[in-house]
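S.K.: The structure's right below; bear with me while I get my questions together.
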Amino acid sequence: PSSPWDCGVLLNVTTSVYKLKDPYRDLNIEQSNRSANFIIVGDYNFKQGSNFNPYIGCGVGYSLCDVVYEVAYEYSGTKFVLRPRAGIELCRHFRVGAFADINRKGYMNMGISFGAVIGGGKHRHKTR
């Protein structure tokens, strides 16, 4: 590997439960907000090419937001999303990480991700 940087595209769907409490309006509900995200990500790999490779990264993109079921806080549409993330790449093929989706109020969430790496094997150099 010649560079510790890598980039990619992330497509995902998330659900956030937004709890609304307002004693003045006698409001106490849980609203389910869903978002579909299209994010371009970039990561810095601290030990690129090793079997234990910690990384940090960030992604930016668009989020399609929608309210599901009971509606008290209405918002549907598109919004900018920011996704900081960090984790570990294991054996050049598997990733375990933590992330936060920073989005519109009611659609933000944090989570743990598990993934596979495409093209993460050992690189063989051709000899002439």
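The values are calculated or read from the model by the stated rules, or taken from the named source; none is laboratory data. These figures come from a predicted structure and were not determined experimentally. Neighbour counts are summed over all protein chains in view; Cβ atoms, including those assigned to glycine, are modelled from backbone coordinates with ideal geometry. To get the accessible areas, we keep the full protein, side chains included, count just its heavy atoms, and leave off ligands, DNA and RNA. Shrake-Rupley method; radii C 1.70, N 1.55, O 1.52, S 1.80 Å.
S.K.: Suppose the filter is of a type in the set (F, W, Y) and in a strand (DSSP E or B); does Y75 pass it?
M.R.: Numbers: of a type in the set (F, W, Y): yes; in a strand (DSSP E or B): no.
Taking the combined requirement at face value, the residue does not satisfy it.
S.K.: Continuing with this model, one more query. Based on this model, can you work out whether G8 counts as small (G, A, S) and either assigned to a loop (DSSP other than H, G, I, E, B) or within 20 Å of G119 (Cα to Cα) (or both)?
M.R.: Numbers: small (G, A, S): yes; either assigned to a loop (DSSP other than H, G, I, E, B) or within 20 Å of G119 (Cα to Cα) (or both): yes.
So G8 fits the description; yes.
S.K.: Test S63 against the stated conditions and say whether it is part of a loop (DSSP other than H, G, I, E, B), out of contact with any Leu (no Cβ under 7 Å at 6 or more places or on another chain), open to solvent by less than 70 Å² (accessible area, probe 1.4 Å) and at pLDDT 85 or above.
M.R.: no
S.K.: Being without any contact (Cβ under 8 Å) to a residue 40 or more places away in the chain, open to solvent by 40 Å² or more (accessible area, probe 1.4 Å) and outside any strand (DSSP E or B) is the requirement here; does K47 meet it? Please lay out each step first, then the result.
M.R.: Working: without any contact (Cβ under 8 Å) to a residue 40 or more places away in the chain: yes; open to solvent by 40 Å² or more (accessible area, probe 1.4 Å): yes; outside any strand (DSSP E or B): yes.
For K47, the condition - without any contact (Cβ under 8 Å) to a residue 40 or more places away in the chain, open to solvent by 40 Å² or more (accessible area, probe 1.4 Å) and outside any strand (DSSP E or B) - is met.
S.K.: Another question about this same structure. Name the pairs: first residue in the range 11-39 and within 12 Å of Y107 (Cβ to Cβ), second residue open to solvent by 100 Å² or more (accessible area, probe 1.4 Å) and not in a loop (DSSP other than H, G, I, E, B), Cβ to Cβ under 6 Å, at least 6 apart or on different chains?
M.R.: V17/E30; A36/V13; A36/L64
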